[in-house]
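The structure appears below as structure tokens.
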Amino acid sequence: MTVGAAEEVLPTAGRPEVPSVRAMFGGIARRYDLLNAVLSLGEDRRWRRRAAQLTRLARGGRALDVCTGTGALARLLWRRVGPSGSVLGVDITEEMLSLAARAVPEVEFRVADALELPVPERAFDAVTMAFGLRNIADHQRALREVWRVLRPGGRVVILEFSTPRAVMRPLYRQYSRMVIPRVARLLLGRTGAYDYLTSSISAFPGPDVVAGWLREAGFERVGFERMTVGIVALHWGRRPG
Ligand SMILES: C[S@@+](CC[C@H](N)C(=O)[O-])C[C@H]1O[C@@H](n2cnc3c(N)ncnc32)[C@H](O)[C@@H]1O
């Protein structure tokens with residue numbers, strides 16, 4: 001945990017702890033969607049749409065969105081399953097969840113830790129996590145929890161930042177150093193959370209490593225694809241059975 005200049009308590013990239021992660025997201029919740037849209041130049045919507053598509057959820061399906069934040073992906077899952085289905089979104093940060101509940105009233109939201117999901121085994125056809133895994137120190141335990149709550153044959157889809165393709169890396173580094181802090185200062189009045197964003201992205205491994213984690217957690221038919229020159233990667237797997 002690091003204390004920044006403006007008394008911001010920030011998580012440590014690679015070893016984030018729940019209290020500091022919660023405090024950080026609580027502090028930026030109201031500006032979170034706007035910053036996402038601005039910093040990704042609107043691409044974040046396309047990334048989540050693809051994540052929802054990869055779940056292969058159908059009408060009447062049951063979905064869980066872990067680290068749901070303001071509920072942007074949960075909303076897309078709900079569109080797929082419709083009123084005969086159900087979507088639950090969980091997150092540790094109440095400020096994010098209260099925005100989610102207002103934005104997506106069709107979805108049920110609950111405060112819960114990804115490491116101890118308050119749901120029975122085999123309860124879901126699909127589980128998603130967008131930009132959550134990087135913020136959880138014990139990723140292996142989080143993936144085992146996802147495995148536990150998926151029904152046999154159910155799918156996990158994980159969307160996370162990644163390392164861009166080699167030719168794009170210098171440009172991306174410049175963007176992280178120059179653009180992100182300026183936009184964060186402009187829209188938030190401080191940069192701490194977005195300093196954490198850039199350092200946690202650097203500390204996060206490439207999609208082949210994440211695919212290995214999924215296999216270790218027991219998933220089969222594991223795969224991944226990159227989007228937007230590799231800035232993000234989508235990973236998926238299936239609980240056998
Ligand atoms: C970068 S935001 C992503 C939000 C949303 N999924 C999206 O696509 O915009 C990460 C979210 O993960 C939540 N989070 C971090 N660690 C968590 C944990 N251990 N359990 C549940 N939620 C967690 C944070 O509170 C935050 O809302």
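Assessment of segment 120-135 against the conditions (of a type in the set (Phe, Trp, Tyr) and under 30 Å from Leu88 (Cβ atoms)) yields at least one matching residue. Among the candidates Arg151, Arg185, Arg190, the residue that is more than 28 Å from Gly26 (Cβ to Cβ) and of a type outside the set (Ser, Thr, Tyr) is uniquely Arg151.
Looking across segment 133-170, just one residue is among the small types (Gly, Ala, Ser), within 12 Å of the ligand (Cβ to nearest atom) and over 26 Å from Pro240 (Cβ atoms), and that is Ala137.
Within segment 15-57, the set of residues being polar (S, T, N, Q), within 25 Å of Arg148 (Cα to Cα) and either touching a helix residue (DSSP H, G or I) at 6+ places or on another chain (Cβ under 6 Å) or surrounded by 15 or more Cβ atoms within 10 Å (Cβ to Cβ) (or both) comprises just one member, Thr55.
Residues that are of a type outside the set (Lys, Arg) and without any contact (Cβ under 8 Å) to a residue 24 or more places away in the chain: which helices (runs of 4 or more DSSP H) entirely in segment 143-241 hold 3 or more of them?
Fully inside segment 143-241 and qualifying: 169-174, 207-216.
Any residue in segment 170-188 that is under 21 Å from Tyr32 (Cβ atoms), among the basic types (Lys, Arg) and surrounded by 15 or more Cβ atoms within 10 Å (Cβ to Cβ)? No, segment 170-188 has no match at all.
Of all residues in segment 122-142, which are part of a strand (DSSP E or B) and either surrounded by fewer than 20 Cβ atoms within 10 Å (Cβ to Cβ) or among the hydrophobic types (A, V, I, L, M, F, W, C) (or both)?
Phe124, Ala126, Val127, Met129, Ala130
Mind listing whichever residues of segment 7-49 are farther than 15 Å from Thr191 by Cβ, among the β-branched types (Val, Ile, Thr) and within 12 Å of the ligand (Cβ to nearest atom)? If the condition is that a residue be farther than 15 Å from Thr191 by Cβ, among the β-branched types (Val, Ile, Thr) and within 12 Å of the ligand (Cβ to nearest atom), then Val18, Val21 are the ones that fit.
Of the residues in segment 118-132, how many are within 22 Å of Leu234 (Cα to Cα) and more than 9 Å from the ligand (Cβ to nearest atom)? Steps first, answer last, please.
Keep residues of segment 118-132 that are within 22 Å of Leu234 (Cα to Cα), which gives 124-132.
After this cut, where a residue has to be more than 9 Å from the ligand (Cβ to nearest atom) as well, the list is 124-127.
Total meeting the criteria: 4.
Within segment 130-142, identify whether any single residue is at negative phi, among the acidic types (Asp, Glu) and more than 15 Å from the chain's Cα centre (by Cα), and answer yes or no. Checked segment 130-142: no residue is at negative phi, among the acidic types (Asp, Glu) and more than 15 Å from the chain's Cα centre (by Cα). Tell me, yes or no, whether segment 58-74 has at least one residue that is over 28 Å from Gly26 (Cβ atoms), touching a Lys or Arg at 6+ places or on another chain (Cβ under 7 Å) and buried (at least 23 other Cβ atoms within 10 Å of the Cβ). There is no residue in segment 58-74 that is over 28 Å from Gly26 (Cβ atoms), touching a Lys or Arg at 6+ places or on another chain (Cβ under 7 Å) and buried (at least 23 other Cβ atoms within 10 Å of the Cβ). Scanning segment 202-230 for residues that are more than 14 Å from Ile158 (Cα to Cα) and surrounded by 19 or more Cβ atoms within 10 Å (Cβ to Cβ) returns a single hit, Gly230.
Rule-based calculations on the coordinates, nothing more; no lab input. Given the structure is predicted, the values throughout are model-derived calculations rather than measurements. Counting neighbours? That spans all protein chains shown, and the Cβs are built from the backbone with ideal geometry, glycine included.
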